[in-house]
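Structure incoming, see below.
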């Protein structure tokens, strides 16, 4: 596996010095699987060899490899007036991860915040999981907002929770609301209400501060859904050059957004096992761990098959859609899908006010409605758990909107 990078066995053998020499081949194999070009991989392997020699000169073994040791090595390298490349730190961190994954070195000890705020944070997180049944994603949203409130109110001093007053809560929320968008402000007040209920349940506070948290105004169905016309959707699809690997991939992703209304995160996490070619079905893993099986239209299935056969790079990940640049792995987050759509909009000379991936989901629902689909059918395809979520699409069609209108009390039948 190392031959694509070093055709000269002597040059390759020169790198085998120091405590890391026995793991150079497996790291080189990982780089090859991740699709790194020959020159890039050689730069990375030379850096690892230099690091290995540095460890030997410091009389350190492989067990000493950790993030702090890597940082010290790079600082020494810089002081010696040697070139430290922008990606060197990432390369050595990837090496440390590789060694940990193979059981060669121990995992990093998580840094625990031993402050009063840190301890309260952990207890609040346990409460959210054990008593409220919240997911890790919800914890990642709630806990930092609560920490921010505590530090704003108490700094890094003692937590005198019993001294919290109603005005502390209202003043803080009003102050933060000027910096947050409405959705973020709603998340803030939800987190604070949950936190104050937690404190009162523990006997830390006597006042019902949860009731004092101001409500952030949000009028459901107050805006029209953003959508594109069918001919504009076709412009976006045709903007992809399917003669290239990137064009094949982007075209397939856009088809899943436009024809099936998938969410960006659902496309990111789509795996090879989710494609049932015999039954013509696609398993979609959506919000809250919900899984749904959708029929695979011929157009979408053909694009997927063409991408998997001719475009998708060979790599170890089971994700369907892969980054083109090394390391070749699945997309990190839904942001990549949003960026992909923005590039397609630019190529198609379209500039809608809203450019997120939900634009194509909204466009699909709008087109279905105007073609006579019922609200139930739209909600089923989009996998809405509540009928009210689908109602916003009625606003783009006067007839459907009238069907939702309730009779005026006392009016004519």
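Values quoted throughout were computed directly from the atomic coordinates according to the rules given, and no laboratory measurement underlies them. Model, not experiment: these values are computed from the prediction. Glycine also receives a Cβ, built like all others from the backbone with ideal geometry; neighbour counts cover every protein chain displayed.
Would you calculate, for the chain, the mean residue ellipticity at 222 nm contributed by helices, counting each DSSP H stretch of 4 or more residues as -39,500 (n - 2.57) and dividing by all residues, to the nearest 500?
-16000 deg cm²/dmol
Output the direction-averaged projected area (hull surface divided by four) of the convex hull of the alpha-carbon atoms of the stretch 9-101, in nm².
Over all viewing directions, the stretch 9-101 projects a mean Cα-hull area of 5.9 nm².
Select from 122, 319, 263 the residue whose mean-square fluctuation is largest in a Gaussian network model of the chain (Cα-Cα springs shorter than 10 Å).
Greatest mean-square fluctuation among the candidates belongs to 122.
Note the direction-averaged projected area, equal to a quarter of the hull surface, for the Cα convex hull of the stretch 116-212, in nm².
5.9
If you build a Gaussian network model of the chain, linking Cα atoms that sit under 10 Å apart, which residue out of 258, 212, 376 swings the most?
It is 212.
How big is the gap, in Å, between the Cα center of the stretch 280-334 and the Cα center of the stretch 1-80?
If we compute the Cα centre of each part, the gap is 34 Å.
Between 36, 227, 142, which gets the highest mean-square fluctuation from a Gaussian network model of the chain, Cα cutoff 10 Å?
Among 36, 227, 142, the largest GNM mean-square fluctuation belongs to 142.
Distance in nm between label sites at residue 126 and residue 85, each 7 Å beyond Cα in the beta-carbon direction?
4.7
Starting from the Cα of residue 351, step 7 Å along the direction of its Cβ; do the same at residue 115; then give the gap between the two resulting points in nm.
Result for the modelled spin labels: 4.5 nm.
Would you calculate the separation in nanometres between label points at residue 39 and residue 277, each defined as 7 Å from the Cα along the Cα-to-beta-carbon direction?
Using points 7 Å along Cα→Cβ, the separation is 3.7 nm.
Taking each pair of different alpha-carbon atoms in the stretch 230-402 once, compute 1/r for the pair, average those values, and report the inverse of that mean as the Kirkwood hydrodynamic radius in Å to one decimal.
Radius from the Kirkwood sum: 16.8 Å.
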